[in-house]
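First up is the structure itself, then whatever we jot down about it.
The values are calculated or read from the model by the stated rules, or taken from the named source; none is laboratory data. This structure is a prediction, so every number in the text was calculated from the model and none was measured. Counting neighbours? That spans all protein chains shown, and the Cβs are built from the backbone with ideal geometry, glycine included. The accessibility values were calculated without ligands, DNA or RNA, using every heavy atom of the protein model including side chains. Shrake-Rupley method; radii C 1.70, N 1.55, O 1.52, S 1.80 Å.
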Amino acid sequence: SPVDRMPLVEVIRGKKTSDATLARALDFVQKLRKTPIVVNDARGFFTSRFIGSYVNEGIAMVGEGISPALIENSARMLGMPVGPLAVQDEVGLDLAVSVPRQPKADLGDAWQPGTSYPIVERLSGELGRQGRKSGGGFYDYPTGGRKQLWSGLSDIWAARQPQPDAGEVRRRMLFIQLIEALKCMQEGVL
């Protein structure tokens with residue numbers, strides 16, 4: 001995000017999508033000078049699941065007492081343009097709470113919340129921190145100033161000692177995405 005700066009476009013092929021329609025969609029994406037990937041129609045498609053696993057893992061680490069600054073800096077060291085906590089703030093914590101309602105309704109007792117769910121639920125609900133749009137989520141967004149990690153995070157999720165090294169944090173974020181990509185391959189999404 002923002003969409004106009006992202007080079008990747010996910011083209012979703014439904015069960016009734018013809019080869020000619022798919023070809024036209026791919027031609028259109030190339031005319032936009034974007035890189036298309038074709039995925040099959042499935043819950044979350046590919047990119048939402050892939051980036052979601054990254055964001056979920058970053059937020060879960062906050063709940064484990066890993067320093068938010070270590071998480072965000074490790075993500076950037078991994079090559080990510082934005083850390084997982086900043087991504088969630090941009091999307092909105094309230095959205096992270098409301099989106100699972102449909103899978104929960106569809107799957108019933110089989111639905112399992114992500115490890116980040118209780119954290120975003122607390123921040124969004126109890127603490128009213130919706131993300132950037134509300135002036136605060138994992139970060140504070142002072143008027144006329146630069147965003148900064150919210151100092152209150154450590155009051156809620158105390159830092160564990162010792163902290164992992166940045167390499168371990170990077171590996172966790174990378175491997176969780178690789179696992180999700182493998183699941184997408186196994187499920188026929190890709």
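Site pair Thr21 and Thr143 shows an inter-label distance of 4.9 nm when each label is modelled 7 Å from Cα along Cα→Cβ.
Let a ≥ b ≥ c be the square roots of the eigenvalues of the Cα gyration tensor of the chain; is it rounded (a/c under 1.5), or, if not, prolate (a/b larger than b/c) or oblate? Since a/c reaches 1.5 and a/b is larger than b/c, the shape of the chain is classed as prolate. A crude spin-label estimate for the pair Arg122 and Ser98, with each label 7 Å from Cα along the Cβ direction, gives 2.4 nm. Each label was represented as a point 7 Å from its Cα along the Cα-to-Cβ direction; for Leu107 and Ala42 these points are 1.3 nm apart. Once the Cα atoms are used to define both axes, helix 68-78 deviates from the longest principal axis of the chain by about 40 degrees. Protection proxy ranking, highest mean first, for peptides 91-103, 155-167: 91-103, 155-167, where packing is the per-residue count of other beta-carbon atoms within 10 Å, averaged.
How many percent of the accessible area of segment 87-128 is carbon or sulfur, using a 1.4 Å probe? After summing per-atom areas, the C and S share lands at 53 percent.
Per-peptide packing, taken as the mean over residues of other Cβ atoms within 10 Å, places 183-189, 84-90 in the sequence 84-90, 183-189 from highest down.
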